[in-house]
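S.K.: The structure follows.
The values are calculated or read from the model by the stated rules, or taken from the named source; none is laboratory data. Keep in mind that what you see is a predicted model, and the values were worked out from it rather than measured. Note: ideal-geometry Cβ built from the backbone for every residue, glycine included; neighbour counts use all protein chains shown. These accessible areas exclude ligands, DNA and RNA; they are computed on the full protein's heavy atoms, side chains included. Shrake-Rupley method; radii C 1.70, N 1.55, O 1.52, S 1.80 Å.
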Amino acid sequence: MMGFIEKFIMPFALKLGNQRHLLAIRDTLIGMIAITIVGSFAVLFNNLGQIIPPYGRMMEAIFGPNWSTLGGDIWFGTFAFLSVFAVFGISYKLAKSYGDEGFEAMLISAACFFLLLPQTANVTLPIDEAATETVAGGVWGLVSVDYFNATALFTAIIVALITTEIFLRLSKIKALVIKMPDGVPPAVSKSFAKLVPGMGTIFLAGLFGVVFRMVTDGKVLNDWLNTVMYPH
């Protein structure tokens, strides 16, 4: 049995463990440990006030009725944007594994992630001061936090991996590389060298988003993935 494991299982496990895409995900999640731990403590401390009423009354007596504001702010700065951190980290790590600097790839992937999000949110607003009558409708520019937190983590991983791969492959096509004169500063020259690949990657992601919403009757990628993974 041990011989079978060493001969067949261990080489596959070793090869799988060194796969660059999995390594990029692993390194990013490890790098986010500080964010997740402090966010977890913030949630824990705030929820203890509901679980243990005496603790909540004690905190309120010491720090006032808004004692949970700090924990809420910490949660908002950590867990509320977990998927955004993942996009930046995974794209950067994956690009670095190919020998790229990773900075442009990181920004391009983030732009692709954002453009695949819904741009409107349904809200209900009161018409009069007594709030006896309300009006509901879609408001452009409002995006639910569910598209940035851990709910969208799987979407963030997919977008980061695919868009980084597209960007790096387009960057290797010489016809798409803009060469600047020798007198141009290196930083500017490098930026222009990847200008067309970056624009192309964003355009392809935007085109995919439009076609995807047409096929799925208006659903964005994250909503569709959640429906597939967690069917009601």
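S.K.: Every residue in the range 170-211 that is among the hydrophobic types (A, V, I, L, M, F, W, C), in contact with a Leu (Cβ under 6 Å, 6 or more places away or on another chain) and surrounded by fewer than 15 Cβ atoms within 10 Å (Cβ to Cβ), please.
M.R.: Matches in the range 170-211: ILE178 only.
S.K.: Within the group LEU168, LEU204, which residue is in a helix (DSSP H, G or I) and in contact with an Asp or Glu (Cβ under 8 Å, 6 or more places away or on another chain)? So that I can check it myself, show each step before the final result.
M.R.: Numbers: LEU204 fails: in contact with an Asp or Glu (Cβ under 8 Å, 6 or more places away or on another chain).
On inspection, the qualifying residue turns out to be LEU168.
S.K.: Oh, and also: I'd like to check something: does the range 175-190 contain any residue that is out of contact with any Lys or Arg (no Cβ under 8 Å at 6 or more places or on another chain), under 19 Å from LEU117 (Cα atoms) and either in a helix (DSSP H, G or I) or among the small types (Gly, Ala, Ser) (or both)?
M.R.: The answer is no; no qualifying residue exists.
S.K.: Next up: Inspect all residues belonging to the range 49-59 and state whether any of them is surrounded by fewer than 16 Cβ atoms within 10 Å (Cβ to Cβ), under 31 Å from the mean Cα position of the chain (by Cα) and over 30 Å from PHE114 (Cβ atoms).
M.R.: Of the range 49-59, the ones surrounded by fewer than 16 Cβ atoms within 10 Å (Cβ to Cβ) are 50-55, 57-58.
Cutting the leftovers down to under 31 Å from the mean Cα position of the chain (by Cα) gives us 50.
Then drop every residue that is not over 30 Å from PHE114 (Cβ atoms), which leaves 50.
Among the residues of the range 49-59, at least one is surrounded by fewer than 16 Cβ atoms within 10 Å (Cβ to Cβ), under 31 Å from the mean Cα position of the chain (by Cα) and over 30 Å from PHE114 (Cβ atoms), which makes the answer yes.
S.K.: On to the next question. Pairs needed: first member in the range 152-178, closer than 19 Å to PHE81 by Cβ; second member anywhere, open to solvent by less than 30 Å² (accessible area, probe 1.4 Å) and aromatic (Phe, Trp, Tyr); C-beta distance under 7 Å; at least 6 residues apart or different chains.
M.R.: From residues that are closer than 19 Å to PHE81 by Cβ, the pairs are ALA156/PHE113; VAL159/PHE113.
S.K.: A further question on this structure: Restricting the search to the range 60-75, which residues are open to solvent by 100 Å² or more (accessible area, probe 1.4 Å) and either free of Cβ contacts under 8 Å to residues at least 12 places away in the same chain or β-branched (Val, Ile, Thr) (or both)? Outline the logic, then answer.
M.R.: Narrowing the range 60-75 to residues open to solvent by 100 Å² or more (accessible area, probe 1.4 Å): 62-63, 65-66, 70.
If the condition is that a residue be open to solvent by 100 Å² or more (accessible area, probe 1.4 Å) and either free of Cβ contacts under 8 Å to residues at least 12 places away in the same chain or β-branched (Val, Ile, Thr) (or both), then ILE62, PHE63, PRO65, ASN66 are the ones that fit.
S.K.: What number of residues within the range 19-46 are farther than 23 Å from ALA160 by Cβ, open to solvent by 70 Å² or more (accessible area, probe 1.4 Å) and at pLDDT below 90?
M.R.: Of the residues in the range 19-46, 2 are farther than 23 Å from ALA160 by Cβ, open to solvent by 70 Å² or more (accessible area, probe 1.4 Å) and at pLDDT below 90.
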